[in-house]
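Some notes on the structure that comes next.
The values are calculated or read from the model by the stated rules, or taken from the named source; none is laboratory data. Please read these numbers as outputs of a predicted model, since none were measured by experiment. Virtual Cβ from ideal backbone geometry, glycine too; neighbours counted across all protein chains shown.
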Amino acid sequence: MNGVEVLVVGLGVVAVGSALLVATSSHLVHCALWLVVTLGSLAGIYLLLAAEFVAWVQVLIYLGAVVVLLLFALMLTRAPTGPLDDLTGPSRVVGVVVGAATAAVLVTTFALGFGDARIDIGPGDIGSAGAVGATLFGSWVLAFEVLSVVLLAALIGAIVISRRPETPVGER
Amino acid sequence: MPVLLPLVVSSLLFGIGVYIVLARRHAVLVLMGVELMLNAVNLNLVAFDAYWHDVLDSGQVLALYVIAIAAAEIGLGLAIVLLVYRSHRHIDLDQLRELADRDDADYPRDSSGVAS
């Protein structure tokens with residue numbers, strides 16, 4: 001086991017452990033903060049898998065934007081900062097069974113299909129911003145443009161949904 | 001490194017995400033579970049990109065697309081959560097049952113066929 005493998009195992013343990021805390025914590029804000037740890041250690045695994053640009057995008061978008069949005073939503077819905085004992089519903093047993101079964105099926109499939117396969121990262125595999133940008137705007141440019149329209153539609157949709165209904169002057 | 005290493009991590013993350021979506025009652029927590037599942041998929045994409053030595057970087061580019069879609073999804077999802085909070089004063093998913101499939105016997109209908 002070389003150094004990279006030790007690092008991947010460590011980051012994976014941190015990611016799964018903090019994801020378990022997201023799933024079990026009784027503090028809403030703690031859940032959002034443990035999610036930061038999970039996403040950050042995933043960014044570390046991306047770096048070790050030579051996906052450099054994806055790792056930085058993960059840090060920028062997920063840790064920077066998505067978690068802040070989640071915290072904003074918690075604040076705007078007046079989520080209590082103290083512990084809550086009713087965060088997990090009555091379907092907890094079903095959730096545990098289905099979640100464990102999903103993970104077991106996936107792990108078994110991967111173990112049978114790729115049990116002894118190894119990743120050998122060469123210098124050509126490093127996804128630097130230049131390399132990924134060249135393929136993104138070369139082979140994948142159509143999907144990129146479609147995605148920009150999707151993002152615009154989501155932006156307009158979010159504004160329209162969350163806008164307060166107009167009330168005539170004097171009726172407040 | 002064995003390709004199984006990142007794949008097992010992503011499988012466990014996906015299972016935890018499924019559990020959060022099924023068992024948690026707070027709408028924002030459910031959105032966090034969806035984010036966990038999307039991240040598990042991203043990890044798979046990046047791992048297989050490194051495994052196949054893809055010259056087109058398909059895995060990494062698709063991971064970037066998934067991240068962008070997730071950003072759009074979380075924006076819309078939180079807008080809906082805020083709207084639900086504004087109209088119901090809570091976002092407990094177990095109590096939001098306006099769209100549930102009801103038994104007709106429990107909810108007698110009036111003459112126009114609209115559930116009362």
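Residue count for the range A:125-154, restricted to those that are within 12 Å of A:Ala51 (Cα to Cα) and at the interface with chain B (Cβ under 7 Å from one of its Cβ atoms): 4.
Within the group B:Ala100, B:Ala40, which residue is more than 8 Å from chain A (Cβ to nearest Cβ), at pLDDT 95 or above and under 23 Å from the mean Cα position of the chain (by Cα)?
Details: B:Ala100 fails: at pLDDT 95 or above.
The unique qualifying residue is B:Ala40.
Of all residue pairs spaced 6 or more apart or on separate chains, those with beta-carbon atoms under 8 Å, a first member in the range A:54-73 that is within 19 Å of B:Leu45 (Cα to Cα) and a second member that is of a type outside the set (A, V, I, L, M) and not in a helix (DSSP H, G or I) are A:Val54/A:Gly127. Suppose the filter is under 17 Å from the mean Cα position of the chain (by Cα) and assigned to a helix (DSSP H, G or I); does B:Leu45 pass it? The answer is no for B:Leu45.
Out of A:Gly157, A:Gly115, which single residue is in contact with a helix residue (DSSP H, G or I) (Cβ under 7 Å, 6 or more places away or on another chain), exposed (fewer than 14 other Cβ atoms within 10 Å of the Cβ) and outside the structural domain of A:Ala55 (by TED's automatic domain parsing)? Before you say what the answer is, go through the steps one by one.
Working: A:Gly157 fails: exposed (fewer than 14 other Cβ atoms within 10 Å of the Cβ).
From the options A:Gly157, A:Gly115, the qualifying one is A:Gly115.
One line per residue, one yes/no per condition, for (1) facing another protein chain (nearest Cβ under 10 Å); (2) assigned to a helix (DSSP H, G or I); (3) surrounded by 17 or more Cβ atoms within 10 Å (Cβ to Cβ):
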| site | (1), (2), (3) |
| --- | --- |
| A:Met1 | yes, no, no |
| A:Leu7 | yes, yes, no |
| A:Ala15 | yes, yes, yes |
| A:Gly40 | no, yes, yes |
| A:Ala50 | yes, no, yes |
| A:Trp56 | no, yes, no |
| A:Ile61 | yes, yes, yes |
| A:Val67 | yes, yes, yes |
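With the condition kept exactly as written, say whether any residue in the range A:89-105 is polar (S, T, N, Q), at pLDDT 95 or above, not assigned by TED's automatic domain parsing to the domain that holds A:Val4 and not in a loop (DSSP other than H, G, I, E, B). Yes, the conditions are met somewhere in the range A:89-105. Identify, by number, the condition in (1) surrounded by fewer than 18 Cβ atoms within 10 Å (Cβ to Cβ); (2) modelled with pLDDT of 85 or more that B:Ala105 doesn't meet. Among (1) surrounded by fewer than 18 Cβ atoms within 10 Å (Cβ to Cβ); (2) modelled with pLDDT of 85 or more, B:Ala105 violates only (2).
Per-residue answers, yes or no, for (1) at pLDDT below 95; (2) β-branched (Val, Ile, Thr):
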position	(1), (2)
A:Gly3	yes, no
A:Ser18	no, no
A:Thr24	yes, yes
A:Val37	no, yes
A:Glu52	yes, no
A:Ala65	yes, no
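Taking A:Thr108, is it part of a helix (DSSP H, G or I) and either more than 7 Å from chain B (Cβ to nearest Cβ) or modelled with pLDDT under 90 (or both)? Taking the combined requirement at face value, the residue satisfies it.
Assessment of the range A:92-104 against the conditions (loosely packed, with under 12 Cβ neighbours inside 10 Å and closer than 25 Å to A:Leu28 by Cα) yields at least one matching residue.
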